[in-house]
1. Hey, can you list the residues from region A:140-158 whose accessible area shrinks by 50 Å² or more with all protein chains present, relative to the chain by itself (probe 1.4 Å, no ligands or nucleic acids)?
2. Which of the GluC sites (Glu not before Pro) across region B:38-122 are loop residues per DSSP, with 15 or fewer other Cβ within 10 Å?
3. Rounded to whole Å, give me the distance from the Cα center of region B:447-492 to that of region B:276-300.
4. Apply the Karplus curve 6.51 cos²θ - 1.76 cosθ + 1.60, θ = phi - 60°, to the phi angles in region A:203-219 and return the couplings in whole Hz, x for Gly and Pro.
5. With θ taken as phi - 60° and the coefficients 6.51, -1.76 and 1.60, list the Karplus ³J(HN,Hα) couplings across region B:43-55 in order, rounded to whole Hz; mark glycine and proline as x.
6. Treating each Cα of region A:1-80 as an identical point scatterer and ignoring solvent, apply the Debye formula and state log10 I(q)/I(0) at q = 0.23, 0.28 Å⁻¹.
7. Suppose we keep just the alpha-carbon trace of region B:146-185; what are its Rg and Dmax in angstrom?
8. Over 23 Å between C-alpha atoms is what I'm after, so list which of A:K120/B:K456; A:K91/A:K217; B:K282/B:K349; A:K194/B:K349; A:K109/A:K194 land there.
Amino acid sequence: MERIRHTSAEYERELQEIKDGLLYLGALTEKALEQGSRALLDRDSELARKIMAEDDQVDRIDVEIEEKCIRLLALRQPAARDLRFITTAIKITGHLERIGDMAANIAEKILILNGLPQIKPYMDLPRMFEGVRGMIRQSLDAMVYEDVARAQRVREEDTVIDRLNDQIFRELLTFMLEDPHKIPVSLYVMQISKSLERIADHAEGIADMVVYMITGKSVRHKAGAEKR
Amino acid sequence: MRGRLFGRLAVAFVAVGVLVVALAGLLVERQLRTGLTAWIAAELVAKAEIIAQMPAARIGSQAPLLAKSAGARLTLIDAAGRVTADTDIGALNEGIENHLHRSEVQEARLRGRGTAIRYSQTEKMNFLYAAIPLAEGGYVRLARPLKEATGSIDEIRLPLFWDLVLVVCLVLVLALFFTFRAVSPIGRLAAFTDRIRQGDLTGMIRVESRGEIGRLAANINGIIAVLQEKIRAADEKRRQLESVFAGMSEGLVVLDAAGRIETVNRGMAALLSGCCGEAVGKTLLEALRSTPLHDAWEAFRRTGETTCLEIGLSGERALVLDVTISAVPGGSDRERKTLLVFHDVTRLKQLERVRTDFVANVTHEIRTPLTAIIGFVETLLQGAAADPERARAFLETIQANAQRLNRLVDDLLILSGFELGEMTLSPEAVDLAGALDQALAVVSPAAVRKGVRIVKDLPAVPPVRADRDRLAQVLLNVLDNAVKFTPTGGTVTLAAAAEGGGVTLRVSDTGQGIPRNEIPRLGERFYRADKARSRELGGTGLGLSIVKHLMKAHGGTLAIDSALGQGTTVSLRFPLWEAAP
């Protein structure tokens, strides 16, 4: 696709900075989730603490991106495509920042879980981590390659995550009913699962924003009704 | 185009020709006119001189006759200038002017003869006058119209003109012909160099003429040859570089001055598996979502120092890449390009991890029994030796641990023997069923004790090619594992089948199974799927590793199929005895 040349190379660079910032945030959150999965499986508390500490960087970059966007709106008064890009960038950075926060929350729960005995090997949770990371990557890929089809696939993946969440819920419910001692661990695992499900929703939100960025059409709330 | 030069010359020649004709014509005519006039004047003078010999009276009376024979008008003038006779004027009258001051008369008076050309009012034309003084005074003058003289010139003017034109045309034709001969090579040279300018470097030009044009042509041919050689050399160089660039297994990426990807080689495309057609024009961060890489690139941009780092890429395959960031030499400051070289060190890292794990495990495996031995020895030395029963118990524990250490060392030696290629086998034709029975003899008691059933499903199979002792080792190990990891009430099934050029023995258990993602690592030394449980059950952790190597040494294969909660099947494939190596 033709890259639109702006009259000012400076302006072009500013837009690219925002885009790069979003990708940077995306990479950081992906890494946080990857590390989270490992911290869970290896019962690595050191790693969990590291994840929590690095959320500061995510917050900082989110603020930076937002400031850059607002500055561009004020100074350049963009129109059409650029305007869409900048306004959706503000929303996307919001999603990514929430994802980062939730990844840190998950790490906190993992810390707690590491102090409790494991009741079963983690099979679905790692799959959820993997799936959610894929969703973030795909939605940002869709932005980079201006590929609406990729953004579509992200929405489909969200259904898978929802189902996994339900599955974990049912399984843990059974555990809790048969043995009350398993309740604390189960509750924390369920919280992690729920956080991952909400992260998936945020990733879907990013994909929707990307579709709007590319096409100018909003697909946000329509599909929500379909799902129900 | 030949036209321009030749046309210009042709026009020049024609102009010159016309000029020549005009000038020559004019000059010749003037020359003729002057000459002819002078000749006629001379003739007139001569005639006048003859007439002047006669006395004036005679001249007067014979005037008409004399005039006729002279073919001119005769005028007799007295010394005072009065006209005494004139053949063209009928009767003398007072009206005739005094002729004394006519220039021919004056000249005759001074020099003895006089000529003049004058426009006559009466006759309305130019006349030629010649006057001669008479001996007794007075003058005789003859006059003729100039037209008579110049008439002949007028007659020859037109023929002369056409003659000249003819001559000039002939000359022009010759001139144009020779000019054409000289100029046409230039035209061909011009056309030839036109083609060269369009990029067509083939062919040479041939020019027959020697001299400057010939030299020009020869030089052009020479220049073309030099150019072609240079182009060929540059092409060759470029192709070499391209094939190096394309053929390198390392990934190469060139970024332009703005940080966008300019070129990507095949090695990089292989690393990124498939997204590379689209990577050109994107920034580093867009193509590879690696924050450490982006940070390193920013640092490089600031400092210009070549940077090396290791990054991990997640995606369909998790990769570890060694990246070197450096500047592309050449180019101005504004055009500074960056080169990134990517080495795939995933396998290296994996091996490193295996090694680290191995060392950690060996240390642990050795330390555990050693600690026990040292502990118990110390306790004995501190006085427990005094109590014989306790002393005996402690010594037995020390012995057990020492034997465990021994077995460990034995297994390690066997394994290193494999790796150093020192393993020697003595293959024979072995009957699998018989070998299995022998192994079962060792394993059955433990199975019975544990309450694990062993089921045999062994049809007749051809003999296999194996070293009898090693085979025993393999079977023992596999059966032992099967029984160990099957809970009470479970079953171990032995099945054999001749298939695929060999005999495959399948040992299945109904134990807890192994997670799918751990199966590839089972052959590693000391690798245990469920760490806590496995150590509990004894064993050195090297068994499967040894089995794997032994099977490979026999030319067979080991395969493990399992899933969590679904038991495990170990498949051992042995080559047939007849199969020649």
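1. Buried on complex formation: A:V144, A:Y145.
2. Values: sites: B:E43, B:E49, B:E94, B:E97, B:E104, B:E107; in loops: B:E94, B:E97.
Taking region B:38-122 and a limit of 15 other Cβ atoms within 10 Å, the loop GluC sites (Glu not before Pro) found are B:E94, B:E97.
3. 55 Å
4. Values per residue, Gly and Pro as x: 4, 5, x, 4, 4, 4, 4, 5, 4, 5, 4, 7, 9, x, 9, 8, 10 Hz.
5. With the stated coefficients, region B:43-55 comes to 4, 4, 4, 4, 4, 4, 5, 4, 5, 5, 5, 7, x Hz.
6. For region A:1-80 at q = 0.23, 0.28 Å⁻¹, log10 I(q)/I(0) is -1.05, -1.28.
7. In order Rg, Dmax, the Cα atoms of region B:146-185 give 17.3, 57 Å.
8. Values: A:K120/B:K456 33 Å; A:K91/A:K217 15 Å; B:K282/B:K349 29 Å; A:K194/B:K349 34 Å; A:K109/A:K194 12 Å.
Violating the 23 Å limit, Cα to Cα: A:K120/B:K456; B:K282/B:K349; A:K194/B:K349.
The values are calculated or read from the model by the stated rules, or taken from the named source; none is laboratory data. Keep in mind the model is a prediction, meaning the values are calculated, not measured. Note that we place each Cβ from the backbone using ideal geometry, even for glycine, and neighbour counts take in every protein chain shown. Side chains included, ligands, DNA and RNA excluded: accessible areas come from the protein's heavy atoms. Shrake-Rupley method; radii C 1.70, N 1.55, O 1.52, S 1.80 Å.
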